[in-house]
Amino acid sequence: MKIKEIEAKVPLYKHKKKGLPYDYDLNIYRGCSHGCVYCYGRKSHKYLDSDNFEGDIFVKINIAEKLDEYLTNNHLKNNIINLGGVCDSYQEIENKYRLMPEVLKVLIKHKQPTIITTKSAFIKKDLALIEELSNSAEYVNTALTITNVKKSVTNILEAGASLPEDRFEALKMLKGRSMYTALHFMPILPYFSDDEDSLETIVKWASEAEVDYMLSGMLYLTKNIKPRYYKFLSEYYPEYLDQYKKLYKNGGADKTYKSTIHKKLAELRKKYNVNNSYAKFLPNK
């Protein structure tokens, strides 16, 4: 892994797309060592003259200072900032740089509504600060993304991320700390996380962690992601390659297949009393 320290000029990216539950993205790192084969964030690396999203990690060493400056000069308390939308804030390098505590202190200072999403159990180290933020800001939401429950698959498909059980344990620790909590079951991976046992385990985990809601979404293979994903299948799971080509004639999976999976999930959510909507928890603007 190559690490390059850089200075951020603008700490936040304002979204133009409507319908998102947040207004701004904050990424304290560029690049991500999780190595998720299906990751959509790789294309953002071209602006840094790099094609190695997992191996070239850019560290915004002044991100907390710039964020404090920006929030001081711009009233954003009616807006929600999302952390970890493209590059996970709790990836491996955070063990060394520990930028998140400083960022959280700035968010606490400004009582800033915040969403934090991660695939790392390392978030546990900042629970006290996240709880402090949730006690000061109008809205704080923390989500763990779990795409499957199989260690063997995670070790290949998300090689740098925490194991599923570790994420689940971290998710359970978030409950009772003032903030809203969520399990993001996305993307759902055909032939890896769509079997009956996996689906039920995921929903059961959401129930046991007492999350406020659980979101799910099917794997989408854009023209940028599909070649890499198919190469992964060819190397590790060649038995699934033809099935994927039948399912993904376009970017999205076959409609009948998606309908079947979502119907099963709906039945399981009802069985375990798991909510699938975040809208009712959002603050009124």
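Among the residues here, residue 257 qualifies as over 30 Å from residue 140 (Cβ atoms), touching a strand residue (DSSP E or B) at 6+ places or on another chain (Cβ under 9 Å) and among the hydroxyl-bearing types (Ser, Thr, Tyr).
Looking at residue 59, is it of a type in the set (A, V, I, L, M, F, W, C) and within 22 Å of residue 126 (Cα to Cα)? Yes, satisfied. Once the range 109-121 is narrowed to residues that are more than 19 Å from the chain's Cα centre (by Cα) and under 13 Å from residue 138 (Cβ atoms), the residue that is surrounded by the fewest Cβ atoms within 10 Å (Cβ to Cβ) is 111. In the range 220-257, the residue that is farthest from residue 37 (Cα to Cα) out of those that are among the aromatic types (Phe, Trp, Tyr) and not in a helix (DSSP H, G or I) is 248.
Annotation note: Cβ proximity below 9 Å between a residue of the range 172-198 that is within 19 Å of residue 240 (Cα to Cα) and β-branched (Val, Ile, Thr) and a residue that is assigned to a loop (DSSP other than H, G, I, E, B) and modelled with pLDDT under 95 (sequence gap 6+ or interchain) occurs for 188/148. Looking at residue 174, is it crowded, with 19+ Cβ neighbours inside 10 Å, modelled with pLDDT under 95 and at negative phi? So residue 174 fits the description; yes. Yes or no: the range 229-252 includes at least one residue that is in contact with a Ser or Thr (Cβ under 6 Å, 6 or more places away or on another chain) and aromatic (Phe, Trp, Tyr). No, there is no match, as no residue in the range 229-252 is in contact with a Ser or Thr (Cβ under 6 Å, 6 or more places away or on another chain) and aromatic (Phe, Trp, Tyr). Looking across the range 122-163, the residues that are surrounded by 19 or more Cβ atoms within 10 Å (Cβ to Cβ), of a type in the set (Val, Ile, Thr), touching a Phe, Trp or Tyr at 6+ places or on another chain (Cβ under 8 Å) and part of a helix (DSSP H, G or I) come down to 123, 153.
The values are calculated or read from the model by the stated rules, or taken from the named source; none is laboratory data. Keep in mind that what you see is a predicted model, and the values were worked out from it rather than measured. Neighbour counts are summed over all protein chains in view; Cβ atoms, including those assigned to glycine, are modelled from backbone coordinates with ideal geometry.
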